[in-house]
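Here is the structure we will look at, set down as structure tokens.
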Amino acid sequence: MEHWVEGMRDSFFRSLLSEAKKNRDIVLIVADTGAICHDEFKEKLSDQYINIGIAEQNMIGVAAGLAISGKIVYVYAIVPFATMRCYEQIRVDLCCMKLPVNIVGIGAGFDYATLGATHHGTEDISLMRSLPNMTIYSPADSLTASLLAKPNRQQIGPKYIRLDRTGFPLIYNNKEDIDFSKGFSVLGKGKDLYIIATGRMVYAALQVAERLAAKSIDVGVIDLFRIKPFNQEMIWNVVKKTKRIVTLEEHFLTGGIGSAIAEMVATKKNAPILRSIGIPNQFCGIYGERKYLQKWCKLDVNGITKNIKEWVKENL
Amino acid sequence: MKDKIVKGKNLSSEKVSEFKKLAKWVRKKILEMAVGAGAGHIAPSFSCVEILVAIYYSGFLRINQKDSKLENRDRFILSKGHAAPALYAILADKGFFPLSDLDRFAKEGSHLGCHPEDSTPGIEIFTGSLGHGLPVGAGLALSAKLDKKRYLVAALLGDGECHEGSVWEAAMFAAQYQLNNLLAIIDHNGLSATGVLKNYLGVEPLKKKWESFGWDAVLVDGHSFEELFSVLKFASSRSSNKPLVIIALTTKGKGISFMENNPIWHYRVPKGEELEIARKELNLVNKEV
């Protein structure tokens, strides 16, 4: 599938551009942040494209005003700026008023590795998860991301979409394989344990599962692409028969999907034991490419495999 | 210091005294609500009573209480949301909800709290946190432009609220997009929750600041109906491409002598002797509160 050698960002905005050509109510607001197809957006749909400048608080407020008037608004910036710089605007203008604005954050986890902690997306899931009326999507590949660009007229409250600049190899071959009503996909069943992963960590989880299979550990993988609302009942039905659950995310261990699963497990009797794998709650303070930073906090395939192998051995 | 634009005397003295009476009634309701609930921002509400009366009773704001979501209505945003009691009294008087709702202000199960929520008829947006009204108002004004609609958007801000960076982000944006259908009104009483602005973070020269951000700016007496009616008439008929700010000079706590210009009354409800004085100054007999 040649088309998908592009990352999530370009797939997402290519899809949004084609939607916006059909639906003139769609408005894209960017906070001085680009993407390849934005030029076409700006040129062909100039009434539907706003570069609001480096002013994220105003970006959310203006988006709210447009959404109240029936516009389908997408706002776009790098994760920390799209979520944290304007957090209280998201809370009051979008969540309190249940406005269906789409917040698109680029740069999940260490995606912008060498730009340092200011540009890392390591707290966004935690922050967005605590807001009432918020929906959170964290796609694992470019196909999922492109489908998330389609507007949903039934949407109540804002939607946060956490994108990665990478997005291939694809996790899914066909869009029919992604059940958006469920919010997660079981990519393989496992007798010994399930890895519940989100974003590009799903691809890592599949590689880890393959390696552990070679060591006779039967691992299932779940792609949790909708983090909120969290489909607790259906996920529990999948994992309750296993002995162990591992959560895997490129996000701080505090408040992310590890916390969401822990909140579920804490309410269940005879629940599987849980190991959360993610970024420790500290700013990395060192520089390097993304792979280097992942290795630094043992979020690379080797590190994750070793971590799980040892944990399984300790908890036979 | 006053602008030419507000010199017109197109309001009869009978009308002025009628609106003064109305303003007094609004102040009375504010005091009743706050005393009844033991909560609410009396002094910040008193500061903008004449401004709100002018906005809602001069014919400036084209709204319909029978259909509060009418598509082409003008939008008013109380960005200084803590003045909600003043707005509630006016909306109730206009018939957006029953007057008896005011008696339940901030009490158990009431839909009227110390800050306005968009679920209340006549309230456009959720405010209470400062610095939100102008950005959202700019979005509403832009929407009108995009859809070629002719409604106006007016937002009432506090002067202390102008400390918020988001106000100036929106100010820049509104000028860039020539949102001449957007009006900001600043309740310029010089005080905030804890002090006198000029003593800790001054906002002057306020008019020049707005002008340098690309806005038309007018300075008026925020307690004079003649000036307020006149400037609102100007606001709805002008031909500039720029957004307009009306800087209304006001007195925080206006109407009760011991509250006037005293920051401690930002969020305090009078009790005992203070309450007696307040009632007396608003010409209320005890049983009315």
Item to check | For A:Ile26, residues with placed amide H under 5 Å, excluding near neighbours | outcome: A:Ile72
Checklist entry - So, counting K/R as plus one and D/E as minus one, what does the shell of residues with Cβ under 12 Å around B:Glu204 add up to? => result +3
Item to check | ³J(HN,Hα), Karplus 6.51/-1.76/1.60, whole Hz, each residue of the stretch A:76-89, x for Gly, Pro | outcome: 9, 6, 5, 2, x, 7, 6, 10, 8, 4, 10, 4, 6, 5
Item to check | Estimated Rh, the stretch A:179-314: Kirkwood, alpha-carbon pairs, angstrom | outcome: 15.0
Checklist outcome for this item: Percent of all Cα-Cα pairs per 10 Å bin for the protein assembly as shown, counting from 0 up to the last occupied bin, reads 3, 16, 23, 20, 15, 12, 7, 2, 0, 0
Checklist entry - Suppose every K and R has +1 on its Cβ and every D and E has -1 on its Cβ; what is the size of the dipole of chain A about the Cα centre, in Debye to the nearest 20? => result 1000
Next on the checklist: Among B:Leu70, B:Cys114, B:Val16, whose Cα projects farthest towards the positive end of the dipole of the protein assembly as shown, with charges put on the beta-carbon of Lys, Arg (+1) and Asp, Glu (-1)?
Outcome noted: B:Leu70
Checklist outcome for this item: Of A:281-287, A:5-11, A:301-307, ordering from highest average Cβ density within 10 Å down gives A:5-11, A:301-307, A:281-287
Checklist entry - Which ³J(HN,Hα) values, rounded to whole Hz and listed in residue order, are derived for the stretch B:180-192 from phi using the Karplus coefficients 6.51, -1.76 and 1.60 in 6.51 cos²θ - 1.76 cosθ + 1.60 with θ = phi - 60°, glycine and proline given as x? => result 6, 9, 10, 10, 10, 10, 9, 7, 9, 9, x, 10, 10
Item to check | Sorted by Cβ density within 10 Å, fewest first, the residues A:Glu263, B:Glu124, B:Glu164 | outcome: A:Glu263, B:Glu164, B:Glu124
Checklist entry - Within 10 Å of each Cβ of B:165-174, how many other protein chain Cβ atoms are there on average? => result 5
Next on the checklist: Under 5 Å between amide hydrogens, which residues at least 5 positions from B:Val220 or on another chain qualify, with H placed 1.01 Å from N in the peptide plane?
Outcome noted: B:Ile247, B:Ala248, B:Leu249
Checklist outcome for this item: Rounded to the nearest 0.05, FRET efficiency between B:Val16 and B:Ser240 (Cβ-Cβ, R0 35 Å) equals 0.80
Checklist entry - If you stretched the chain out fully between A:Leu115 and A:Gln155, how much longer would it get, using 0.36 nm times the residue separation minus the C-alpha to C-alpha distance? => result 11.0 nm
Checklist entry - Considering the dipole of the protein assembly as shown built from charges on the beta carbon (Lys and Arg +1, Asp and Glu -1) around the Cα centre, which of A:Tyr292, B:Met259, B:Gly36 is farthest to its positive end? => result B:Gly36
Checklist entry - About its Cα centre, how strong a charge dipole does the stretch A:179-314 have in debye, to the nearest 20, once Lys and Arg get +1 and Asp and Glu get -1 at the Cβ? => result 340
Checklist outcome for this item: Cα extents of chain A along the principal axes, largest first, in whole Å, come to 60, 40, 38
Next on the checklist: How charged is the neighbourhood of A:Pro132? Take every other residue with its Cβ under 11 Å from the Cβ of A:Pro132, and add Lys/Arg as +1 and Asp/Glu as -1.
Outcome noted: +4
Checklist outcome for this item: As a Kirkwood estimate from alpha-carbon pairs, the stretch A:2-163 has a hydrodynamic radius in angstrom of 15.4
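Bear in mind these aren't lab numbers, they're just calculated from the coordinates by the rules spelled out. Everything quoted here is computed from the prediction, not taken from an experiment. No Cβ is skipped: glycine too gets one built from the backbone with ideal geometry, and neighbour counts run over all protein chains shown.
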